[in-house]
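One structure below.
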C-alpha cells in the first residue's frame with residue numbers, strides 16, 4: 001500500500017471515529033469492524049432487498065456499502081436540479097471542461113433514457129422517457145470489472161465504504177479499466193487538463209495527462225463529514241439520496257423499501273450501487 | 001556472432017538506413033506524443049484503444065506463429081524445418097519487441113510502466129500477459145542463441161536447452177490465449193465477449209505467422225542466397241491453409257450466433273464491420289472496405305496457395321503468403337479491436353481515424369521490428385553460410 005492510499009484510509013478512519021459523536025451526515029458505522037453500533041449484522045433483513053435490486057447473485061451483506069438513489073421524477077420536474085448537481089461536481093473536483101467530445105472528462109453528466117438504460121425498451125416509451133435527460137455516473141459496483149482489469153491496483157475498492165476509488169499517482173494510463181467498464185463511467189486525460197479547469201478548488205488535486213479518472217462518490221468530502229457535492233446541491237428536494245445500503249435504518253434503505261427502483265445493466269452481475277426511481 | 005551484422009552488401013546497408021529513417025520518424029512522433037499526451041492520436045473517450053493496441057494484438061499472433069515451425073521440428077521430428085526453425089524463433093523475437101513497444105506507446109504514463117511489476121495484480125489479465133510475453137521473449141532469445149551457437153561450433157546443442165524449447169511451445173499458445181482473454185472477459189463488450197476469441201486468435205496466428213516466415217524465406221533466398229527448401233515451404237503452405245480455413249470458419253460462426261439468435265448486442269459490431277451500422281439516421285461504416293478486403297484477400301490467398309503453381313513458383317507462393325498476411329492483419333490488426341468499442345456502453349457510435357502522428361509512431365515501431373529481424377537473420381544466415389562454406 002502506498003503512502004497516498006494509506007493517508008486516505010487514515011482520514012476515512014478518523015472521520016468514522018469523529019462521526020460517532022458528531023452529527024455526521026453519512027454514518028460509516030454499520031460494519032462490526034468499525035465498532036460503533038449494535039445493528040451490525042443485518043444480513044437476514046437485507047437479503048430480500050438485495051435480491052430485488054441486484055439480479056440473481058447475492059450482494060455483499062456485510063460492512064458499509066455506500067449507494068445512491070436518484071429520483072428522476074424530481075429531477076425531471078426541475079431540470080435545474082441535475083444541472084446544478086453537475087456544476088457542483090465539476091467545481092468540487094477540478095474537472096476540466098474540454099469542449100471536444102473526443103477528449104472530454106465526465107464524472108456526473110446527463111444523457112437520454114435510451115443511452116442510460118440500454119437494456120430497457122424505449123418502444124412506445126412515455127413522454128417522460130423520451131423527453132428528459134437522466135443522470136449518469138460511476139455505479140461503484142459491488143463487483144467492479146474495472147478493479148478486476150486494472151494491472152496496478154490503481155483503481156480499487158475501499159473496503160470500509162464500498163467506494164471504487166482511484167489512485168491517480170499509480171495509474172499507468174493503459175485504459176484497460178475503460179474497456180472493462182460497462183457503464184462508460186471512466187474518462188482519460190488525453191492531454192494536460194489544467195488549462196481547462198475554470199475554477200480551481202484547492203481542496204482537491206487536479207490531475208495530470210495520461211491518467212484515468214471518474215466519480216469517487218466524493219470520498220474526500222465524506223472524510224470531512226460532508227455530503228457528496230451533487231447530493232448537497234439537491235438539498236431539501238431528496239432528488240438524490242445517499243447512504244449505506246447495508247444499514248437497514250438508513251434513509252436510503254427507507255427509500256429503497258418504499259419505491260420501485262431500477263439499476264443500469266443489472267444482468268451483467270456487477271451489482272451497481274446507484275439506483276434510479278423512474 | 002554479433003559481428004556478422006557489421007558486414008554486408010550495399011543493399012543491406014541501404015535497407016538498414018531505410019528502416020532507420022522510419023524509426024527516426026517514429027521517435028520524433030513519439031516525442032511529440034509524449035509531450036502533449038495521447039490526445040495526439042485519434043483515440044477518444046469512446047474508442048479508448050486504437051492502432052497501437054490492435055497492432056499489439058496482431059503481432060502477438062505473429063510471434064505465436066513461430067511455434068508452427070518449432071512444434072513439427074522438435075516434437076514430430078520433421079527434419080525439413082531444421083534449417084528454418086531458427087528463422088521462426090528470430091521472427092518471434094522481432095514480433096514481441098514490436099508488441100512491447102506498442103504497449104509502451106499506448107501508455108498514458110509510460111514512466112510508470114514498472115508499476116505492473118511493483119504492484120502485481122493477479123486479477124488482471126494484463127498482469128499475466130506481461131508475464132507470458134516477457135517469458136516467451138526470453139525463451140526465444142535463449143533457445144535461438146544457444147542452438148545457433150552450437151551450430152556455429154558444429155556441435156550438438158546442449159541437452160538442457162530442449163527443456164526450454166519444449167517449454168516455449170505452451171508459452172506460444174499462452175501468449176495468444178492470454179491476449180484473447182484481455183478482451184473476452186469484459187462484461188458489456190458484446191463483440192469481444194465470445195468464447196471463440198482465443199481459438200480464433202490462435203487459428204489466425206498460425207496462418208499469419210507462417211505466412212510471414214514464407215515471405216521472409218523468399219526474401220533471404222533472393223538477397224542472401226539462403227534456400228529453405230521447397231519441401232519445408234510446401235509444408236508451411238499446408239499449415240497455413242488449414243489454419244486460415246479454421247479462422248474463416250470461426251468468423252462464420254460469429255455471424256451465425258449473431259444473426260440467427262438475432263440479439264442486437266451480438267449483431268451490432270458485425271453489422272458495423274461488414275455492412276455499416278445505422279444510428280439516428282446516420283450510417284457508420286468506415287471499416288466496411290477493410291473488412292471486405294479481408295474476406296476477399298483471405299479466400300483469394302487460400303485459393304492461390306492451394307494451386308499447384310504455389311508449390312513450384314516462388315512468385316505465386318510469395319503472392320499468396322502476402323495476401324494472407326495482409327488479410328489477417330486487416331481482420332485482427334484493424335477490425336477486431338476497433339469494433340469492440342461499437343457501440344459505446346451508452347449506445348452511441350464514435351468512429352476512430354488515426355492521426356498522422358499516430359501513423360508515424362506505428363510505422364516507426366514496425367520499422368524497429370523489421371530492423372531487429374533483419375539483424376537477427378543476418379546473424380543466423382551468416383552462421384549457416386559459415387558452416388556450409
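The values are calculated or read from the model by the stated rules, or taken from the named source; none is laboratory data. Just so it is clear, the structure is predicted and the values come from calculations on it, not from any experiment. We place every Cβ from the backbone using ideal geometry, glycine too, and count neighbours over all the protein chains shown.
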Residue A:81, sole failed condition from (1) closer than 17 Å to residue A:242 by Cα; (2) within 15 Å of the chain's Cα centre (by Cα): (2)
Matching residues, segment B:255-270, being assigned to a helix (DSSP H, G or I) and either buried (at least 19 other Cβ atoms within 10 Å of the Cβ) or at positive phi (or both): B:258, B:266, B:267, B:268, B:269, B:270
Is it the case, given these coordinates, that residue B:356 is within 23 Å of the chain's Cα centre (by Cα) and surrounded by fewer than 15 Cβ atoms within 10 Å (Cβ to Cβ)? yes
Hey, residue B:313 free of Cβ contacts under 8 Å to residues at least 12 places away in the same chain and more than 24 Å from residue B:203 (Cβ to Cβ) or not: yes
Of the residues that sit in segment A:240-278 and are in a helix (DSSP H, G or I) and over 18 Å from residue A:138 (Cα atoms), which one is nearest to the other protein chains (Cβ to nearest Cβ)? A:256
Subset of segment A:122-153 [without any contact (Cβ under 8 Å) to a residue 40 or more places away in the chain and within 11 Å of chain B (Cβ to nearest Cβ)]: A:122, A:147, A:148, A:149, A:150, A:151, A:152, A:153
If you check residue A:92 against the conditions, is it within 8 Å of chain B (Cβ to nearest Cβ), part of a helix (DSSP H, G or I) and crowded, with 21+ Cβ neighbours inside 10 Å? no
Please state which one of B:123, B:140 is within 14 Å of chain A (Cβ to nearest Cβ) and either crowded, with 22+ Cβ neighbours inside 10 Å or touching a helix residue (DSSP H, G or I) at 6+ places or on another chain (Cβ under 9 Å) (or both). B:123
Can you tell me which residues in segment B:366-389 are farther than 12 Å from residue B:90 by Cβ, more than 21 Å from the chain's Cα centre (by Cα) and in a helix (DSSP H, G or I)? B:382, B:384, B:385, B:386, B:387, B:388
Closer than 30 Å to residue B:183 by Cβ, within 12 Å of another protein chain (Cβ to nearest Cβ) and in a helix (DSSP H, G or I): does that describe residue B:39? yes
Given the structure, is residue A:177 at the interface with chain B (Cβ under 10 Å from one of its Cβ atoms), touching a strand residue (DSSP E or B) at 6+ places or on another chain (Cβ under 6 Å), modelled with pLDDT of 95 or more and more than 27 Å from residue A:242 (Cα to Cα)? no
In segment B:171-194, which residue that is closer than 18 Å to residue B:128 by Cβ and not in a helix (DSSP H, G or I) is nearest to the other protein chains (Cβ to nearest Cβ)? B:186
(1) surrounded by 21 or more Cβ atoms within 10 Å (Cβ to Cβ); (2) touching a residue at least 40 places away in the same chain (Cβ under 8 Å); (3) within 14 Å of chain B (Cβ to nearest Cβ) all hold for residue A:208 apart from (1)
In this structure, does residue B:38 turn out to be in contact (Cβ under 8 Å) with a residue 12 or more places away in the chain, in contact with a strand residue (DSSP E or B) (Cβ under 8 Å, 6 or more places away or on another chain) and either more than 22 Å from residue B:325 (Cα to Cα) or surrounded by 22 or more Cβ atoms within 10 Å (Cβ to Cβ) (or both)? yes
Tell me which of these residue B:157 doesn't satisfy, since it passes every other one: (1) part of a loop (DSSP other than H, G, I, E, B); (2) within 14 Å of another protein chain (Cβ to nearest Cβ); (3) over 22 Å from residue B:366 (Cα atoms). (2)
If we ask which residues in segment A:136-160 are on the phi > 0 side of the Ramachandran plot and over 14 Å from the mean Cα position of the chain (by Cα), their number turns out to be 1
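Yes/no per residue for (1) surrounded by fewer than 20 Cβ atoms within 10 Å (Cβ to Cβ); (2) farther than 30 Å from residue A:121 by Cα; (3) free of Cβ contacts under 8 Å to residues at least 24 places away in the same chain; (4) touching a helix residue (DSSP H, G or I) at 6+ places or on another chain (Cβ under 8 Å):
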{"residue": "A:212", "(1), (2), (3), (4)": "no, yes, no, yes"}
{"residue": "A:215", "(1), (2), (3), (4)": "no, no, no, yes"}
{"residue": "A:232", "(1), (2), (3), (4)": "yes, yes, no, yes"}
{"residue": "A:242", "(1), (2), (3), (4)": "no, no, no, yes"}
{"residue": "A:252", "(1), (2), (3), (4)": "no, no, no, no"}
{"residue": "A:259", "(1), (2), (3), (4)": "yes, no, no, no"}
{"residue": "A:267", "(1), (2), (3), (4)": "yes, no, no, no"}
With criteria (1) part of a helix (DSSP H, G or I); (2) at pLDDT below 95, residue B:19 comes up short on (2)
Do we have residue A:198 as more than 18 Å from the chain's Cα centre (by Cα) and free of Cβ contacts under 8 Å to residues at least 40 places away in the same chain here? no
Selection status of residue B:305, under 21 Å from residue B:202 (Cβ atoms) and out of contact with any strand residue (DSSP E or B) (no Cβ under 7 Å at 6 or more places or on another chain): yes
If you go through B:290, B:226, the only one that is in contact with a helix residue (DSSP H, G or I) (Cβ under 8 Å, 6 or more places away or on another chain) and part of a loop (DSSP other than H, G, I, E, B) is B:226
In this structure, does residue B:249 turn out to be loosely packed, with under 14 Cβ neighbours inside 10 Å and in a helix (DSSP H, G or I)? yes
Conditions (1) under 17 Å from the mean Cα position of the chain (by Cα); (2) modelled with pLDDT of 95 or more -> residue A:96 fails only (1)
Go through segment A:154-172 and give me each residue that's within 12 Å of chain B (Cβ to nearest Cβ), buried (at least 23 other Cβ atoms within 10 Å of the Cβ) and touching a strand residue (DSSP E or B) at 6+ places or on another chain (Cβ under 7 Å). A:154, A:155, A:171
Selection from segment A:161-195 of residues in a loop (DSSP other than H, G, I, E, B) and more than 19 Å from the chain's Cα centre (by Cα) yields A:169, A:170, A:171, A:172, A:173, A:174, A:175, A:189, A:190, A:191, A:192, A:193
